[in-house]
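Following: one structure in structure tokens, then a few remarks.
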Amino acid sequence: MHGALDLDALYQASYRRLVVQMYAICGDLVEAEDAVQEAFVTAIRKRRQLEAVANHEAWLRTVAVNRLRSGWRHAAVVRRLQPRVPGSQAAVEVGPDHVALVRALAGLDAAGREVVVLHHLADLGTAEIAAELGIPEGTVKSRLSRARARLAALLDEREEWERA
Amino acid sequence: MPDLTSLRSLGDRVQPPPLGALQDVARRRSRLSATLAAVGAVAVAVVATVVFLLVPREDGAVPEPVHPPTPSPTRTATDESGGPATHASDTSMTLREVVAKPNADLVLSGISLDDPDFRVAIWSAPCSWCPNDDEPRGRPRFWAMAITTDGFESTMYRRIPYDPYRDPGFTEVVSPGPGLLLLVDAGNPNSPGWLLRDDGTLTHLAAAVETRSGDARRWHWCGGYDADPAAPTSPVGWCLVDAETDTSYQAEAPWLVDELVHGRPAVSPAEADEPWGLENVTDLVPYWYDGGVLHTRDFGPADATGTVSGMPRGEMAVWSLDPASLVLTVRSSGEGGQPWQVRRIALPSAPSRLSVHRTRSGALMALDSGGELALYAWPPRQIWRADADADSFDVVYVESERTDVAGYDATAFTELGGRIWSGGLWSDDDGRTWHAVRDWR
């Protein structure tokens, strides 16, 4: 047991951060918000389980990432579902730099995108990512290495294309 | 490495909804779960389905999963009335009403390759006459299965055996043999799928791990992720459906996805003695096993890659696409990976999501299924064909209207008895002309 949980404080501290991370993974802000809101609904329903873990935000992130994963695998079905949570509260304007970055991320395979985002945006070490995703640390390192190279190439290509 | 941290500033512009709204959603879900839990473990599965599909969803409640964790084969009754043609309740919809609703969405469809009059379709529709008092979600929505053995001259209606607000649902419908349709449930790691027989019975398959031999059509893809972090994730790999025992047998390594090395084996145990496929890297790297030993060949960077289905036993082929020149390069090889033959074929346009198949005559078929675009902009589907000696693909089918929903993971092309199928499209002349099945209700 890791002590009483201040859910409101966790919500205020983590919501925006998790939405940005999920956005970087899935490239869709509404889908990202849905995933994070679903994670908090799960957290509310499984409060004891959440209280028992050391890193509440990591637990929420795992739930949100898994939700996105099932969305990728079955997007055609999932996107027809009604939203279960309030959804995006207001249209968020995303600047061109951010769009370019997220498009480049979308050029990675899903597994590579996850590790890049967790490492470079959530500031997790490879051991922490391995624990969160339930995969060997060596796999994290190899995915990270491949994804970084691919991402750099994708952004270079885009710059060249824009200059042309 | 590009700086991703600039994305963090986006967070300042995100406005979280009040936490109370999420607490309210959680409360309503828990309330229904508690009610169901009191009924008893076996009854829960049945009641949850009935409550979810027949009780109005104005409270936003979502039941617990209807799949038992370790299912034993059970058959449902053959008759599940669709109810009257006019709506029987001001707060709900019958199955027949869901299917008949003009603005219903076709969620998934499948057809028996042995008897094309045997079909299944899953429909979803909003209840326009139900109270609209669940503000964030709008009017409640309902789902129903329509089944026919006479091309929808007559229809059997069934409830869908999953919770559409929680489970991702079926990923594809496979035609594994006469009188059978397999509803693949790859999103649910505890459910290998459901077998629909032409008498309307729906059977939840049991799962077993054992590499078996069998007809290529009985093999499908199963396993996957779960949204619950506490649940174990099943492996993803080839599975064989056995209608005699109502069991799905998952093959063992190396017929599974190997997270560390490579992706999905391109062939099932019925199609090859040992698997081959593409490594899950950005280069074009085919892999194959020979005498249990893994071999690879790196053909260098490639923007888009894939395997060619329909290859004769003992041969393998992979493709890569140069998006600038729109040239598809197909590399093929016999057993042992030597030598590799190269063929280059021009594409008519840039595809969104490409699948390539070799017909029995040696012609190449390509399906541009639209990828993500298919979710928003119908109709995206095109089929291209190239004779065995052609240097470019011809466009042989452009979808003019949406005719079916084959499923996100569906096999692009399947051949049976001289006929080629792609979802609800078929060709009887080696892929030169295509026809569409249009009746799904």
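The values are calculated or read from the model by the stated rules, or taken from the named source; none is laboratory data. Fair warning: this is a prediction, and the values are worked out from it, not measured in the lab. Neighbour counts are summed over all protein chains in view; Cβ atoms, including those assigned to glycine, are modelled from backbone coordinates with ideal geometry. Quick note on the areas: whole protein, heavy atoms, side chains included, nothing else; ligands and nucleic acids left out. Shrake-Rupley method; radii C 1.70, N 1.55, O 1.52, S 1.80 Å.
Which condition does B:I345 not pass, out of (1) in contact with an Asp or Glu (Cβ under 7 Å, 6 or more places away or on another chain); (2) part of a strand (DSSP E or B); (3) closer than 17 Å to B:G277 by Cα, if it passes all the others?
For B:I345, the exception is condition (3).
Select from the stretch A:115-155 the residues that are open to solvent by less than 30 Å² (accessible area, probe 1.4 Å) and of a type in the set (D, E, K, R) and list them in ascending order.
Answer for the stretch A:115-155, where residues must be open to solvent by less than 30 Å² (accessible area, probe 1.4 Å) and of a type in the set (D, E, K, R): just A:R143.
Need a quick list: helices (runs of 4 or more DSSP H) entirely within the stretch A:1-96 having at least 1 residues that are at pLDDT 75 or above.
A:7-26, A:29-45, A:47-51, A:56-73
Going through the stretch B:356-369 one residue at a time, which ones are at pLDDT 90 or above and part of a strand (DSSP E or B)?
B:V356, B:H357, B:R358, B:L364, B:M365, B:A366, B:L367, listed by residue number.
Residues in the stretch B:180-221 that are open to solvent by 20 Å² or more (accessible area, probe 1.4 Å) and at pLDDT 90 or above: how many?
6
Look through the stretch B:250-276, keep the residues that are assigned to a strand (DSSP E or B) and modelled with pLDDT under 90, and return whichever of them is farthest from B:T329 (Cα to Cα).
B:Q250
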